[in-house]
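**Student:** What follows is a structure written as structure tokens; I'll ask about it next.
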Amino acid sequence: MDISLVLPPEPDDRWALARQAGVDHAVFHSLEIGDGTRPSRFDELLALTSRYRDYGLEPAAFEGSVPLTDTTRLALDGRDEEIEEFCRLLRNLGELGVDVVCYDWMAGIRWARTSTTTPARGGSLTSSYDDDLMRRGSTPAAAETTTADDLWKNLEYFLERVVPVAEEAGVKLGLHPDDPPREEVRGMPRIVGSVEAYDRVLEIVDSPSNGLTFCQGNFAAMGVDIPETIRHFGDRINFVHFRDVEGDGDSFVETWHDDGPTDMQAAIDAYRDVGFDGPIRPDHVPTMEGEDNSIPGYHITGKLFAAGYMKGLLE
Ligand SMILES: O=C(O)C(=O)C[C@H](O)[C@H](O)CO
């Protein structure tokens, strides 16, 4: 498995710090770090992947910033055009040797936290979620007209069209869990929040290209046994987000990678046992001294700490 970090699309000190820490795989995620663009044309992807590779960073996965929005999740006008663009991304990434694409099915509300300034070890800052606080905000308009069945129908429509293209392109899709993994957030239904839901997703199209992003913190919040669940999904795990939480889908705090309730060594052993050989990236790291918390979860110092910790576990 390849330890990877979300790195900006343009070089800066984070590229150097990653390489110096012995990380040579990059994840492109411009919704978290970058300008939010969702490139899919060959030439822009060529420029981007060449930039990473010329620096010694292998572009291991595209995530979040893929051409997939609520237009497709909610089956709005323009869905077929968006799916066509998503397919174009898959074909072009296949040509360029990028193997993994992570996407999610959270409509209306993206990944959600009620605090990104929760005090953690030594004055670091982490994020947390409290559904009692969250539900005081307004319900997204789409919640009035969307049911969980609609979301399933739309996901099926999407997968039936994109998985054959992914297979042909040699690209593996990894569906990210709903974060937090709840049946609804502010009244907006969510469907990808349990092991059973993933079993259903994987059956929609039975293909190695139709897999999951095993975002460990979300599975921890579901309350499942992590190593057992890794073994359950086995070779359908196409991407790993390595992190942990204390709590459940109603209320949790993100922990330091070395200080959460999950046995992280047992998790790494399970990935190894199932033969996982894709990208594994630390996710949602605490913000450390000197960092401005402008991109909570995605600052570099905590990521370097996590990468070092993961290297230790792998050894
Ligand atoms: O919520 C999480 O755990 C995430 O990693 C959020 C990411 O932005 C992910 O790409 C959502 O699709």
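**Student:** Look at segment 94-127 and say how many of its residues are within 15 Å of the ligand (Cβ to nearest atom), within 30 Å of Asp2 (Cβ to Cβ) and not β-branched (Val, Ile, Thr).
**Tutor:** Number of matching residues: 10.
**Student:** Name the residue that is nearest to the ligand (Cβ to nearest atom), counting only residues in segment 208-228 that are out of contact with any strand residue (DSSP E or B) (no Cβ under 9 Å at 6 or more places or on another chain) and of a type outside the set (Val, Ile, Thr).
**Tutor:** Phe219
**Student:** In this structure, is Gly94 touching a residue at least 24 places away in the same chain (Cβ under 8 Å) and part of a helix (DSSP H, G or I)?
**Tutor:** yes
**Student:** I've got another one for you. What helices (runs of 4 or more DSSP H), lying completely within segment 1-88, carry at least 2 residues that are within 16 Å of the ligand (Cβ to nearest atom) and either in contact (Cβ under 8 Å) with a residue 60 or more places away in the chain or surrounded by fewer than 21 Cβ atoms within 10 Å (Cβ to Cβ) (or both)? Talk me through it step by step, then tell me what you get.
**Tutor:** Values: elements: 13-20, 42-54, 70-73.
Here the list reads 70-73.
**Student:** Also, quick follow-up: Identify all residues within segment 156-190 that are more than 28 Å from Val253 (Cβ to Cβ) and free of Cβ contacts under 8 Å to residues at least 60 places away in the same chain; write none if there are none.
**Tutor:** Glu156, Leu159, Glu160, Val163, Pro164, Glu167
**Student:** For a quick check of your reading of the model, give me the residue pairs whose first member lies in segment 200-227 and is under 23 Å from Asp244 (Cβ atoms), whose second is among the basic types (Lys, Arg), with beta-carbon atoms closer than 8 Å and at least 6 apart or on different chains.
**Tutor:** Hits for this filter: Gly211/Lys172; Gly211/Arg236; Leu212/Arg236; Cys215/Arg243; Gln216/Arg243; Gly217/Arg243.
**Student:** OK, next. Take the residues in segment 140-185 that are of a type in the set (Lys, Arg) and away from the ligand (no atom under 16 Å from the Cβ); name whichever of them is nearest to Ala60 (Cα to Cα).
**Tutor:** Arg161
**Student:** Looking at segment 229-315, what strands (runs of 3 or more DSSP E) fall wholly within it and have at least 2 residues that are among the hydrophobic types (A, V, I, L, M, F, W, C), surrounded by 17 or more Cβ atoms within 10 Å (Cβ to Cβ) and within 16 Å of the ligand (Cβ to nearest atom)?
**Tutor:** Where strands (runs of 3 or more DSSP E) fall fully within segment 229-315 and carry at least 2 residues being among the hydrophobic types (A, V, I, L, M, F, W, C), surrounded by 17 or more Cβ atoms within 10 Å (Cβ to Cβ) and within 16 Å of the ligand (Cβ to nearest atom), they are 237-242, 251-254.
Read-outs throughout are calculated quantities, based only on the coordinates presented, and are distinct from any laboratory measurement. The structure displayed is predicted, hence computed values, not measured ones. Using ideal geometry, Cβ is built from the backbone for each residue, glycine included, and neighbour counts are taken over all protein chains shown.
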